[in-house]
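None of the figures in this text is laboratory data; all of them are computed from the coordinates on show. Model, not experiment: these values are computed from the prediction. Please note: Cβ atoms are built from the backbone with ideal geometry, for glycine as well, and neighbour counts cover all protein chains shown.
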Amino acid sequence: MNSLRYKILIFLFFASLIHSQSYNFKRLGDETVEFIKSPLNWNGNDFLKFGLITSAGLGMFFIDEDVKQFSQTKIPSEFYIPSEIGRIWGEPYFSACLSAVFLIHGSAVKNEANKKLGFEIAQTFAYSILTIGVIKISLGRERPRISDDAWNFNPFNSFEDNYFSMPSGHNALAFSLSSVLSNSFQSDVMKVLSFVPAAFTFFSRIYQNHHWISDAFIGGAIGYFIGQFVVNLHKFDDNSQKLVPENTPLFSINFAL
């Protein structure tokens, strides 16, 4: 089942890029090189942000076990629905399908804003999976569902999912997706609301006992900054069409039909 799921994701990803002209494989390749090289271009402010995020994540190690205990014993079952919404928002198939919808539809109706959005979702998906995967394997942290000890690590010793706790992949995908979507709206209200499902994902991974709170925090931070990086790559693109024009009602999204 998992094999079929990943084959579908790969098909959707490649089909999306095939249907795009301005946002295509060559551009993805060139910008992926920029992404990999980006730490070499960090300035003092970038290193400061990295240090603060890392320090905050490490500091959360000291509350990981207490948060797990609270989430598993004190939070009522009524929170299951928002936790499921959050889980779905952070699933790989959700980002892949959303990317395909925007890219293919944007190409079909010649809407550059939709193509750009679909391409950016695909990029953040790929970069988040790559970054998270390398860190997970390097650290080998045990998930809270198999251990009550937040300090158990098996670096490079296991490729089992039980040792892929840090950082949270669902949170990386959720916050990268929300970051890209937020930058596609002109309304400040919609920018903020774009992160609500990602907040549900953050809650979900702890509530469903898949991650420690430090995993969720680091994963979310990685996703957010990857989303911002991708958006900044294209901020000077000439897209006269907007995903959501000014004065659009709160729950109205223009897909340029």
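Just add up the charged neighbours of Ser165: K/R +1, D/E -1, any other residue whose Cβ is under 14 Å from the Cβ of Ser165. Spell out each step's value before the answer.
Values: positive: Lys68, Lys136, Arg141, Arg143, Arg145, Arg205; negative: Asp64, Glu65, Glu142, Asp148, Asp149, Glu160, Asp161, Asp215.
Around Ser165, the surrounding residues sum to -2.
Loop-resident trypsin sites (Lys or Arg not before Pro) (DSSP state other than H, G, I, E or B) in segment 28-110 with no more than 10 further Cβ atoms inside 10 Å of their Cβ: Lys74.
In straight-distance terms, cross-link reach from Lys191 covers every one of the lysines whose alpha-carbon lies under 18 Å from its own, apart from those fewer than eight places away in the same chain; here that gives Lys116, Lys235, Lys242.
Annotation for segment 29-96 versus segment 166-209: alpha-carbon center distance of 10 Å. Positive-end ranking of Thr32, Thr73, Ile53 along the dipole of segment 29-91, with charges on Cβ about the Cα centre, is headed by Thr73.
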